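Notes follow the structure.
The values are calculated or read from the model by the stated rules, or taken from the named source; none is laboratory data. Worth saying up front: this structure is predicted, and the values here are computed from it rather than measured. Note: ideal-geometry Cβ built from the backbone for every residue, glycine included; neighbour counts use all protein chains shown. Keep in mind that these areas ignore ligands, DNA and RNA; they rest on the heavy atoms of the full protein, side chains included. Shrake-Rupley method; radii C 1.70, N 1.55, O 1.52, S 1.80 Å.
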Amino acid sequence: MKPWARGYAEYKLRAIDRALRMGEFRADNLPAGYGFRLDERIVEYPWLFSRLPLGSGTLLDAGSALNFEFLVNHPALKSKKLHICTRRRVFLAKWHFLPV
């Protein structure tokens with residue numbers, strides 16, 4: 001898939017979803033060609049989710065990087081209170097919106 005071509009966004013989200021289902025994210029354990037032709041989110045999201053502490057807690061997303069339903073509904077966030085701080089208003093019932 002050519003970056004930013006028609007269909008790229010869907011391709012990218014599917015790749016990120018697959019990466020999140022891989023389990024533990026370790027840079028020394030990635031398949032050859034991992035993330036080829038994808039932006040940095042293919043590394044950032046799996047890295048973040050692999051390092052979230054278990055159990056309840058509070059998470060601040062400053063800049064709205066987690067602004068996709070499949071991310072905010074990820075099992076690792078079920079017990080977290082998620083606060084999203086962004087200049088752009090987004091609507092998902094699970095979020096507590098903090099306007100800037």
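Can you confirm whether the range 57-75 contains a residue that is closer than 19 Å to residue 25 by Cα and over 11 Å from the mean Cα position of the chain (by Cα)? The answer is yes; a qualifying residue exists. Here residue 37 passes the criteria (1) open to solvent by 60 Å² or more (accessible area, probe 1.4 Å); (2) modelled with pLDDT under 90; (3) of a type outside the set (Asp, Glu); (4) on the phi < 0 side of the Ramachandran plot except the one numbered (4). Selection over the range 10-55 of residues that are under 24 Å from residue 81 (Cα atoms) and in contact with an Asp or Glu (Cβ under 8 Å, 6 or more places away or on another chain) gives a count of 1. Selection of the range 21-56 for residues being of a type in the set (A, V, I, L, M, F, W, C), over 9 Å from the mean Cα position of the chain (by Cα) and under 18 Å from residue 10 (Cβ atoms) yields 36, 38.
Conditions tested, residue by residue: (1) at pLDDT below 90; (2) among the polar types (S, T, N, Q); (3) in a loop (DSSP other than H, G, I, E, B); (4) open to solvent by less than 90 Å² (accessible area, probe 1.4 Å).
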{"position": "50", "(1), (2), (3), (4)": "yes, yes, no, yes"}
{"position": "59", "(1), (2), (3), (4)": "no, no, no, yes"}
{"position": "84", "(1), (2), (3), (4)": "yes, no, no, yes"}
{"position": "94", "(1), (2), (3), (4)": "yes, no, yes, yes"}
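Hey, can you tell me all the residues within the range 1-34 that are loosely packed, with under 10 Cβ neighbours inside 10 Å and not in a loop (DSSP other than H, G, I, E, B)? Listed by number, the residues that qualify are 21, 27, 28.
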